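Report on the following structure.
The values are calculated or read from the model by the stated rules, or taken from the named source; none is laboratory data. Every value quoted in this text rests on a predicted model; they were computed, and no experiment measured them. Using ideal geometry, Cβ is built from the backbone for each residue, glycine included, and neighbour counts are taken over all protein chains shown. Remember, those area values only see protein heavy atoms, side chains included, never the ligands or the DNA or RNA. Shrake-Rupley method; radii C 1.70, N 1.55, O 1.52, S 1.80 Å.
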Amino acid sequence: MNLTRKWDVYLIHHSHTDIGYTERQDKLTRYHVDFIKQAIDILNEIHKEENHPAKGFVWQCENHWQIKNFYKNADKAYIADFEKYVKSGEIGLSGNYLNMTDLVSADILNSRIKQAREYGDKIGVKIDSGMAADVNGFSWGYSEALFDNGVENFFSCLHSHHGMFPLYKKFMPFYWETPKGNKILVWNGEQYHYGNELLFAPHAASTYMTYDKIGADMKKDIVFKENNEETEKKELEILDERLGRLLENLEKDGYPSDMIPFMVSGCITDNAPPSAEIAKRVNKLNEIYNGKISFKMVTLTQFFSELKNRFKDIPTYRGDWNDWWADGVGSTADAVKIFMLGQRKYSLCKKLDTEGSLGKPELMEEAAENLMLYAEHTWGYSSSVSEPWESLVGELDFKKASYAINGNSAAAINLDTILAAKGEVSIKAFKPQEYKVINPHDFDLTATALIFVEFWEYLDGIDFSLDTPFEVYNLKTGEVLKSQIKRIARAFQIEVLVSLKSKEEMEIALRPTRQPKNGCVRIGSMVGAEGVLDISIKGEYPKFAQCIETDYFKLKFSEAYGLVSLIDKKTNKDLIAEDSEFAPFSGIYEVTDIKETACEERRRMGRNRKMPKTRRYESFLTDMHIVEHGDVYTAIELDYELEGTKFYSVFIKVYNDLPSINAMVRIHKESVWEPENLYIALPFTLGSDETKYIDKTGCIIRPGIDQLPGSNKEFYLLQNGVVLEDGTRSLMVACKDAPLVTFGNLEAKVIELCDSKDEDFNKETTFSWVLNNFWETNFKVDLGGFYEFAYSISVSDKITTEQAFKVLEAGNEGLIAFYI
């Protein structure tokens, strides 16, 4: 080595938590408990001998989830030793809970990170540092959650496979300013097995990110082929060459310090056990280099303490660290929909039961834990794409989905418990058709609520049916409320328009009107003998397939494309982008032919989720017709044909007395092995002066602007939807079931990273990215099946951005209505 500095190398020894990538989720839970026990056993052995060859061994717990499970499964002796070694600095704690996606809500995320802080308080140890491995980004609100729970330092060792580090370089610290203006210190590091690439872990070599002659030989499996002595010698030679080359380059590049950290695993695998051999190698290296380079195993807290002393003029950056690995949710759209519904039920429980006295806290804890586990970053077994038939692939997929299902169920049971306390009753024979409607939100709301009449019910002695004359009225005031009925699978669904103040409860009921529906031909009737209304009548809003008009909107439909114009009558502006290639809610399907293998084709895509050779298809309209028309809304159904699907239909509901429309996109997707994407166009706009916002976990950002420099702007994982503002109007686009969105051109291209000031990008067309099976290892490859994705579009006079997202959240969560 030709070095000009005396270097200090710090090694952080941990096990990367991938829940379900290398083994069954339940098995891995046990593994991580045992890994902590193994680390304790190593330390106990070391402390029996004054000059033990592994002296200096330090173990870092990657997250609090590992620790929580350890306490559930360890005996008192292990727990006592664990706390002893935590306090001596030989075992490190992390304020991070798991390696997450942005799917999780801020409320649930904070509840889990809070557990780490409370644990530290309980044993008298301040947990001031956290880490995340593998994942490629974090919602801006994540930084606030860490700060709020005492985590001042955060070590990121991201994995740039189909992703990239921010700020255009790694091996650097920076202060990440939170949305509220606080700061946490971040180490922007290399991938979490990089210490293995430098051969710090005996018999655990890797050559993943190091492209050299040694790596080529290692990949050919011709390097370590003799015996322990020769392997040890060869590993030390490789370590000297690779580490020397790295440190020399850092010096040439003007690296501003003489200390450097590396993460290292005991074996070259995710979910790896600890290894005392690393400490033995560290001690041997200190003898070999005799002070020219110093090596030491440390905890996160110990490393950051040194970093603050040794680095000067650390820069500060503000904005979202947008995740490159968020797209896994598009491979399991059905389970994600269950997750999102469960997360909204969890939120409704908190809004309805602010004191926690009506529901059951243990159910809320169960819901939060399961929902957090589903939102964890692992999206399947490692051979999900190469061997989709493998039993373990299916088993892990269903167990992953069970987290969403169990979280949903716990939240649902708790919500039922709360509603029962508020008067909900079960169905019973001869029950009255009386209901309670609640606005659980913290602002006044005019919206529709859904109530149901069971298919077997009678109304005042009348066998209830679609022809039964009835009305819905306020039990207290007698006011008749606008309503509209439809038959669903096992009931009659009645949609009722109500206006409620924040937290207001209203009791409503049904009663027969006894008004017969029989009639005779009226003079001036503009309905022909075939029963079709298709003539525009002066003074009335037309309601036929080419045009639907209300006090708020005028919608025009084309037989070629579908919805082509959505006029906001307050401004007389079209809310559909004039230059859009695709009609709102129409589908775009992409598929890439496999020329080599299913895995290799995907690997070569890099940070694109497609290739120049990818075939792209747009849906084309085959039929449209009004299917419902009443006092509350008019509904039109658009039938499309789209490659890759057997069925693609859009059901648009236009409300008469609300400035909003709803759309349900229904798809029967075919199953293929090839990499594919399916998008739904959302080309809504307020014009050239608009600014676009999205809500992510714990924050609201402007895509392309409120982001760290060098971060991802190819796609985003949001919570509720997209808000557009132009100074006078707010346009809200809710994405209820499919949280991935992308903006702009869909073609494969040279990737442009965010420069934090891309206002043109911020105005690009929005697409809901509902399905993909892109990743070559662990995404669910089979996207076949039936799906329904819900969207809503609403406008208002300009409100604050925060209020607009509250409106979106309320729309997605809805009003509460139940039998009394």
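Residue count for the range 580-610, restricted to those that are outside any helix (DSSP H, G or I), open to solvent by 50 Å² or more (accessible area, probe 1.4 Å), more than 24 Å from SER792 (Cβ to Cβ) and of a type outside the set (Ser, Thr, Tyr): 6.
The rows are residues; the columns are (1) touching a His at 6+ places or on another chain (Cβ under 7 Å); (2) closer than 16 Å to PHE805 by Cβ; (3) aliphatic (A, V, I, L, M).
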{"residue": "SER649", "(1), (2), (3)": "no, no, no"}
{"residue": "LEU658", "(1), (2), (3)": "no, no, yes"}
{"residue": "ALA663", "(1), (2), (3)": "no, no, yes"}
{"residue": "PHE715", "(1), (2), (3)": "no, no, no"}
{"residue": "VAL722", "(1), (2), (3)": "no, yes, yes"}
{"residue": "THR728", "(1), (2), (3)": "no, no, no"}
{"residue": "CYS735", "(1), (2), (3)": "no, yes, no"}
{"residue": "ALA738", "(1), (2), (3)": "no, no, yes"}
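Of the residues making up the range 719-740, those that are surrounded by fewer than 24 Cβ atoms within 10 Å (Cβ to Cβ) and either modelled with pLDDT under 95 or within 14 Å of the chain's Cα centre (by Cα) (or both) are GLY727, LYS736, ASP737.
If you go through the range 129-139 one residue at a time, do you hit one that is more than 27 Å from ILE260 (Cβ to Cβ), at pLDDT 95 or above and touching a helix residue (DSSP H, G or I) at 6+ places or on another chain (Cβ under 6 Å)? Scanning the range 129-139, I find no residue that is more than 27 Å from ILE260 (Cβ to Cβ), at pLDDT 95 or above and touching a helix residue (DSSP H, G or I) at 6+ places or on another chain (Cβ under 6 Å), so the answer is no. When the range 625-644 is filtered for residues that are open to solvent by 20 Å² or more (accessible area, probe 1.4 Å) and assigned to a strand (DSSP E or B), the ones remaining, listed by number, are HIS625, ILE626, VAL627, GLU628, HIS629, GLU637, ASP639, GLU641. When SER730, SER711 are checked against the criterion of being among the polar types (S, T, N, Q) and under 23 Å from ILE793 (Cβ atoms), SER730 stands alone in meeting it.
Among the residues of the range 476-502, the ones that are touching a residue at least 24 places away in the same chain (Cβ under 8 Å), touching an Asp or Glu at 6+ places or on another chain (Cβ under 8 Å) and either hydroxyl-bearing (Ser, Thr, Tyr) or exposed (fewer than 15 other Cβ atoms within 10 Å of the Cβ) (or both) come to 7 in all.
The rows are residues; the columns are (1) part of a helix (DSSP H, G or I); (2) under 38 Å from the mean Cα position of the chain (by Cα); (3) modelled with pLDDT under 95; (4) under 20 Å from TYR208 (Cα atoms).
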{"site": "LEU243", "(1), (2), (3), (4)": "yes, yes, no, yes"}
{"site": "ILE260", "(1), (2), (3), (4)": "no, yes, no, yes"}
{"site": "MET263", "(1), (2), (3), (4)": "no, yes, no, yes"}
{"site": "CYS267", "(1), (2), (3), (4)": "no, yes, no, yes"}
{"site": "ASN271", "(1), (2), (3), (4)": "no, yes, no, yes"}
{"site": "GLU277", "(1), (2), (3), (4)": "yes, no, no, no"}
{"site": "VAL282", "(1), (2), (3), (4)": "yes, no, no, no"}
{"site": "LEU285", "(1), (2), (3), (4)": "yes, no, no, no"}
{"site": "PHE295", "(1), (2), (3), (4)": "no, no, no, no"}
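Somewhere in the range 718-740, is a residue touching a residue at least 40 places away in the same chain (Cβ under 8 Å), closer than 17 Å to LYS610 by Cα and outside any strand (DSSP E or B)? There is no residue in the range 718-740 that is touching a residue at least 40 places away in the same chain (Cβ under 8 Å), closer than 17 Å to LYS610 by Cα and outside any strand (DSSP E or B). Within the range 503-529, restricting attention to residues that are part of a loop (DSSP other than H, G, I, E, B) and open to solvent by less than 50 Å² (accessible area, probe 1.4 Å), the residue that is modelled with the lowest pLDDT is GLY528. In the range 236-245 there is no residue matching the filter, namely being in contact (Cβ under 8 Å) with a residue 40 or more places away in the chain, closer than 30 Å to GLY141 by Cβ and open to solvent by less than 10 Å² (accessible area, probe 1.4 Å). Screening the range 311-332 for residues that are open to solvent by 60 Å² or more (accessible area, probe 1.4 Å) and either in a loop (DSSP other than H, G, I, E, B) or not aromatic (Phe, Trp, Tyr) (or both) and picking the one that is nearest to SER156 (Cα to Cα) gives ARG318.
One residue stands out among those in the range 462-489 that are of a type in the set (D, E, K, R) and in a loop (DSSP other than H, G, I, E, B): the one that is modelled with the lowest pLDDT, which is ASP467.
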